[in-house]
Amino acid sequence: MNPIRERVKTNVPAVVLALLGIIQAFAIELLWSFLVAEPAIYQFSFATLITWLQILLGLLGMLMIWLVYAMNVARFVWVPTASEFVTPFWVGFLQFFSVYSLELENPGLWFICFALIMATMNWIAHSTMRRARIEPENAAFFQGRHKATRHDFYPAIAAIAAMTATGLGCLVFGVNQWVVLLVLVVVVGGYCIWQTARLRAWWQLSVAPAQ
């Protein structure tokens, strides 16, 4: 048994989780500063409605990334790769940029940034679960469960593609507020709710009493 490997499995995910929490706290503080310093969002209009939906969905996106990693740390052990040390900074950059891209005139950059956040969340979840599957300590959960296939990622791919296309469309062709509202509510909001429900279901399955 390699003692360094065992220490890495035990300590590194908790360290990364703590760092991710600190960076997300700064992102929330930056978002709060935007809410305090931007009086235009308190004037009722179609544009401010869209902005408030972006704010709420941005918060939900932060929560989902936290839940994905925190739930995995609580349930499994795995050997992290070196890139895992960098992941919190990448996530933080995306979240900071998503706050800076909250513009009433054109939400195109925000859509692209949020699509990257969702792609990062799925990458974190998949790569972590793939490494956790090979560890014998997690056998009770993975035994009898098939590996993820391409079909499991189709909803995420479709949602991320729709967000990216909407963002590029806003930047290149201009903003159609009805299209933006539809994508925010149906695609972004629907995907966030669906993904949160999946996280809750997997958590309950993980902590259910053994049969």
Residue 78 vs (1) out of contact with any Lys or Arg (no Cβ under 6 Å at 6 or more places or on another chain); (2) crowded, with 19+ Cβ neighbours inside 10 Å: all pass except (1)
Near pairs, Cβ below 7 angstrom, 6+ apart or cross-chain, from the range 171-188 (farther than 16 Å from residue 115 by Cβ) to any residue that is surrounded by fewer than 15 Cβ atoms within 10 Å (Cβ to Cβ):
177/46
Based on this model, can you work out whether residue 196 counts as in contact with a helix residue (DSSP H, G or I) (Cβ under 7 Å, 6 or more places away or on another chain), modelled with pLDDT of 95 or more and of a type outside the set (Gly, Ala, Ser)?
no
Residue by residue through the range 82-99, note down the ones that are hydroxyl-bearing (Ser, Thr, Tyr), touching a residue at least 40 places away in the same chain (Cβ under 8 Å) and more than 17 Å from residue 60 (Cα to Cα).
87
Go through the range 146-157 and give me each residue that's of a type in the set (A, V, I, L, M, F, W, C), in a helix (DSSP H, G or I) and in contact (Cβ under 8 Å) with a residue 12 or more places away in the chain.
153, 156
Among (1) surrounded by fewer than 15 Cβ atoms within 10 Å (Cβ to Cβ); (2) of a type in the set (A, V, I, L, M, F, W, C); (3) assigned to a helix (DSSP H, G or I), the one test that residue 16 misses
(1)
Of everything in the range 128-145 that's surrounded by 15 or more Cβ atoms within 10 Å (Cβ to Cβ) and in contact (Cβ under 8 Å) with a residue 24 or more places away in the chain, which residue is nearest to the chain's Cα centre (by Cα)?
128
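The values are calculated or read from the model by the stated rules, or taken from the named source; none is laboratory data. Please read these numbers as outputs of a predicted model, since none were measured by experiment. Backbone-built Cβ (ideal geometry, glycine too); neighbour counts: all protein chains shown.
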